[in-house]
Amino acid sequence: MPSTDEFTGWLGLDAKSVEGNLVKATFNPKVFTDDDIDIKISHCGMCASDLHTLRSGWGASLYPVVVGHEIIGTVTRKGKNVTQFEIGDRVGVGAQCASCLKDDCYECTHDNEPYCSDRVFTYNDKYPGTDDVAYGGYALEGRYPASFAFKIPDGLPSEIAAPMMCGGITVYSPLKRNGAGPGKTVGIVGIGGLGHFGLLFAKALGSDKVYAISRSKAKEADVLAMGAEGIIATKEPGWAKEWTRKFDVIVSTVNNSDMPLHDYLSILKPGGRFVQVGLPEEPIPQLKFGPLVTMNVHLLGSLLGSRSEITEMLETSAAKGIKSWVKTYPMEEVNEVLKLMEAGEAKYRFVLSN
């Protein structure tokens, strides 16, 4: 039976909502269970996934939809099975809010919860076996399973922590899993919300050299300020030949389907790894298998990160003073900020604040 509780949020009603047409209204969250918490939302980061979902770019969305999956807030209610949090605790919720967590689920028992067949995304999704729809953080309050909420370390301000809950972990996990660290040269394709985290975390993990890879060198000053050695401009003739066999790991954060994938693979060392985390709405051009075969390079994808990796990322960020590059706006201005986001104005993450 659907919940009769009413929360207030900014709802997308159709594909035109991405143009700055969200409507402030009430919605019914999932039915409260003994395993859930209610959160008074203080901050929510804006992610490109929000735009893709609002315009149904990845398929038809479940309108009305409340997007936002970089959520920080305080616990206002908890179920009787929730022992890890107390009322008033500051917590975060990212892009995944549930999985089966069963003892016989290989993914859930091997730190791979994002790949569980019963995973639930924090918005535009449904909880298995129920009529409950998942609603995100463009709201005043939210309700989520406590198992996918995380305590925020005291050393991380809420506006800094919020974008890490999706943007941060999306790159932290593939960097960690693919060996970014001492002795390695790492490339990050795209200098945006995800890409800036890629540069920050690749350096924090101890990588010897970190380079940004972008069409131009327009953001070179920012890249250097984030600790990278430099920026590689792909619109410059001969760039790929100059960088052949230089990289151990490349993480691509871009969403454009016309990316020069063959060139990216060619600049990997033998056995190197290219990990795609951006999700284009259109198919990429046909792939030439030359580098995969002749250079033994690995073409991989990655979705979010495990619960243990999220905890580690937050603790590492607090300990090492890693700061998201953010600009904060009042939640009430969300429609204007959506337009800025669509126009590519974020440097490098917008955060909405209640």
*asked:* If amide hydrogens are placed 1.01 Å from N in the peptide plane, which non-local residues have theirs closer than 5 Å to the one on ARG273?
replied: VAL249, ILE250, HIS298
*Please work out the average accessible area per residue across the chain, using the 1.4 Å probe convention, and give it in Å².*
43 Å²
_Highest mean first, how do 147-157, 19-29 rank when packing is the count of other Cβ atoms within 10 Å averaged over residues?_
147-157, 19-29
*Mind running the shape call on region 205-354? Use the C-alpha gyration tensor, a ≥ b ≥ c as the square roots of the eigenvalues: rounded below 1.5 for a/c, prolate if a/b tops b/c, oblate otherwise.*
prolate
*asked:* As I understand it, the value is the acute angle between the Cα axis of helix 307-320 and the longest principal axis of the Cα atoms of the chain; what does it come to in degrees, rounded to 10?
replied: 70 degrees
*Under a GNM of the chain (C-alpha, springs under 10 Å), which listed residue has the highest mean-square fluctuation: VAL223, VAL31, VAL67?*
VAL31
*asked:* If you restrict to DSSP beta bridges whose two residues both lie in the chain, what percentage is antiparallel, to the nearest 5?
replied: 55 percent
*Search the structure for amide H atoms under 5 Å from the amide H of GLN96, placed 1.01 Å from N in the peptide plane, and list their residues when 5 or more places away or on another chain.*
THR122
*Mind scanning LYS246/LYS339; LYS203/LYS347; LYS78/LYS347; LYS24/LYS339; LYS151/LYS320 and naming the pairs with a C-alpha gap bigger than 27 Å?*
LYS246/LYS339; LYS78/LYS347
*Fraction in percent of alpha-carbon pairs per bin - 20 Å, the chain*: 31, 58, 11, 0
*Please state the relative contact order of the chain as a whole percent: Cα pairs under 8 Å, 6+ residues apart?*
18 percent
*Between VAL210 and residues 5 or more places away or on another chain, which pairs have amide H atoms under 5 Å apart, with H built 1.01 Å from N, and which residues are they?*
VAL186, GLU229
*Rounded to whole Hz and in sequence order, give me ³J(HN,Hα) for region 6-17 from the Karplus expression 6.51 cos²θ - 1.76 cosθ + 1.60, θ = phi - 60°, writing x for Gly and Pro.*
10, 10, 10, x, 10, 9, x, 9, 6, 5, 7, 5
_Explain nothing, just compute: Karplus ³J(HN,Hα) = 6.51 cos²θ - 1.76 cosθ + 1.60, θ = phi - 60°, for every residue of region 162-172 in order, whole Hz, x for Gly and Pro._
3, x, 6, 5, 10, x, x, 5, 4, 9, 4
*asked:* At 1.4 Å probe size, with the rest of the protein present, what percent of the exposed accessible area of the chain is carbon and sulfur atoms?
replied: 50 percent
_To make sure I understand the rule: partners must be aspartates and glutamates, Cα under 17 Å from the Cα of LYS241, and not fewer than 8 residues away in the same chain. Which ones qualify?_
ASP263
*Using Cα positions and a limit of under 14 Å, work out the aspartates and glutamates in reach of LYS269, with same-chain residues fewer than 8 apart set aside.*
GLU242, ASP248
*Between beta-carbons, use under 11 Å as the cut-off and find the net charge around GLU70, counting Lys and Arg +1, Asp and Glu -1.*
-1
_Anisotropy class of region 87-183 from Cα gyration tensor, a/c 1.5 cut_ = oblate
_Cβ crowding within 10 Å averaged over residues, with 184-197, 84-97 ranked highest first_ = 184-197, 84-97
_Rounded, prolate or oblate for region 19-168? Axes are the square roots of the Cα gyration tensor eigenvalues, ordered a ≥ b ≥ c, and the cut-off for rounded is a/c under 1.5._
rounded
*Between region 83-151 and region 207-270, what is the C-alpha centre distance in whole Å?*
34 Å
*When only Cα pairs under 8 Å and 6 or more residues apart are kept, what is the percent relative contact order across region 219-273?*
36 percent
*FRET efficiency, 1/(1 + (r/R0)^6) with R0 35 Å, evaluated for ASN354 and TRP58 via beta carbons*: 0.80
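The values are calculated or read from the model by the stated rules, or taken from the named source; none is laboratory data. Keep in mind it's a predicted model, so treat the numbers as computed, not measured. Methodologically, a virtual Cβ is constructed for each residue, glycine included, from the backbone with ideal geometry; neighbour enumeration extends over all protein chains shown. Remember, those area values only see protein heavy atoms, side chains included, never the ligands or the DNA or RNA. Shrake-Rupley method; radii C 1.70, N 1.55, O 1.52, S 1.80 Å.
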